[in-house]
Amino acid sequence: MEQRTYNQYCATAHTLDLIGERWTLLLIRELLTGPKRFGDLQTSLRGLGTGLLAARLKHLEREGLAHKITLPPPARTPAYALTEAGEELGPAILELARWGLKWAMAERRASETFHPGWAVLGLRACFEPEAAAGLHAVYEFRIDDELFHARIDDGAIETLHGPAQHPDAIITISQEAFLRLTSQDLSLAKAIETGAASTSGDEEALRRLRGLFRLPTPHARKPDQASS
């Protein structure tokens, strides 16, 4: 597949030459939360055909943004992981997510898919470091069958797929309720009150949880949308 180029001697243009093709940034988004097998990527990126996925992965390998690895035991299966250069795209993608939460998100369309695992990166995008000062806690999130956890260490956050070994607090919520949380149509307190969510664990960690993540207030991109 021939690589298109803007033919501009500009850092922004050269970056877009590398990652501007459709699906490429979403592939990097998936790999930012850890190595993934080809099948894992197919599951998370529904609508991306097998041939195009293989082509995009080859492109990332060729350009030094991703490489093949073998997962450790017990899996011992081939997977893809980001290189140092690929990992350094993380802050840019988080900023795109924050921008999108403020300026691009609207009511979910019927044709749009949703994967609870995307919240692993979403938690980083919405994290409030100041609210986590002095906090050392591990939160495990259970959204239907999807498990992931966040490790908070005095203003820093690490989020990973899978269960936590020793969680201080566990938050269980249905996918439907979680979607309402992300659209700011429902609060966690209300979800717990109605039975759509439940929490358990250390009371102080749960109390601090409410201030750790903040979704930007949605804004209209066009002035007439704001006034209508």
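The values are calculated or read from the model by the stated rules, or taken from the named source; none is laboratory data. What you see is a predicted model, and the numbers here were worked out from it, not measured in a lab. Cβ atoms come from the backbone with ideal geometry, glycine included; neighbour counts cover every protein chain shown. The protein model used for the area step is the full one, side chains on, heavy atoms only, and it has no ligands, DNA or RNA in it. Shrake-Rupley method; radii C 1.70, N 1.55, O 1.52, S 1.80 Å.
Determine the dipole magnitude for the chain: charges of +1 sit on the beta-carbon of Lys and Arg, -1 on that of Asp and Glu, nothing else is charged, the reference point is the Cα centre, and the result goes in debye to the nearest 20.
Using only the charged Cβ atoms, the result is roughly 680 debye.
Can you give the relative contact order of the stretch 16-140 as a percent, counting alpha carbon pairs under 8 Å and 6+ residues apart?
After rounding, I find 24 percent.
How long are the semi-axes of the ellipsoid equivalent to the stretch 12-117, from square roots of 5 times the Cα gyration tensor eigenvalues, in whole Å, largest first?
So the three semi-axes of the stretch 12-117 are 23, 18, 14 Å.
Once R0 is set to 35 Å, what does the formula 1/(1 + (r/R0)^6) return for the Cβ-Cβ distance between residue 153 and residue 68, expressed as a FRET efficiency to the nearest 0.05?
0.65
List the extent of the Cα atoms of the stretch 99-228 along each of their three principal axes, largest first, rounded to whole Å.
Largest to smallest, the principal-axis extents are 49, 30, 26 Å.
Just one of [x] 8, 32, 36, 20, 4, 0; [y] 7, 26, 24, 18, 15, 9, 2, 0; [z] 7, 27, 34, 23, 8, 1 is P(r) over Cα pairs in 10 Å bins from 0, in percent as worked out from the coordinates here. Which one is it?
Label of the calculated value: [z].
Give the relative contact order (percent, whole number) for the chain; include only Cα pairs under 8 Å separated by 6+ residues.
Computed value for the chain: 15 percent relative contact order.
With a 10 Å cut-off between alpha carbons and a GNM built on the chain, which of 61, 112, 95 moves the most?
Among 61, 112, 95, the largest mean-square fluctuation in the Gaussian network model of the chain belongs to 112.
How much accessible area per residue does the chain have, in Å², with a 1.4 Å probe?
The answer is 61 Å² per residue.
Quick one: compute the contact order of the stretch 157-223, relative version, from alpha carbon pairs under 8 angstrom and 6+ residues apart, as a percent.
Here the relative contact order equals 34 percent.
Considering only protein heavy atoms and a probe of 1.4 Å, how much of the accessible area of the chain is carbon and sulfur, as a whole percent?
Looking at the chain in its full context, I get 53 percent from C and S.
Which of the trypsin sites (Lys or Arg not before Pro) found in the stretch 4-51 are loop residues per DSSP with 10 or fewer other Cβ atoms within 10 Å of their Cβ?
In loop regions of the stretch 4-51 (DSSP not H, G, I, E or B), the sparsely surrounded trypsin sites (Lys or Arg not before Pro) are 4, 22, 46.
Which residue fluctuates most in the GNM of the chain (Cα springs below 10 Å): 145, 153, 202?
Of the options given, 145 has the highest mean-square fluctuation.
Name the residues of the stretch 197-216 whose amide N is less than 17 Å from a point 7 angstrom out from the Cα of residue 187 along the C-beta direction?
197-199, 206-216
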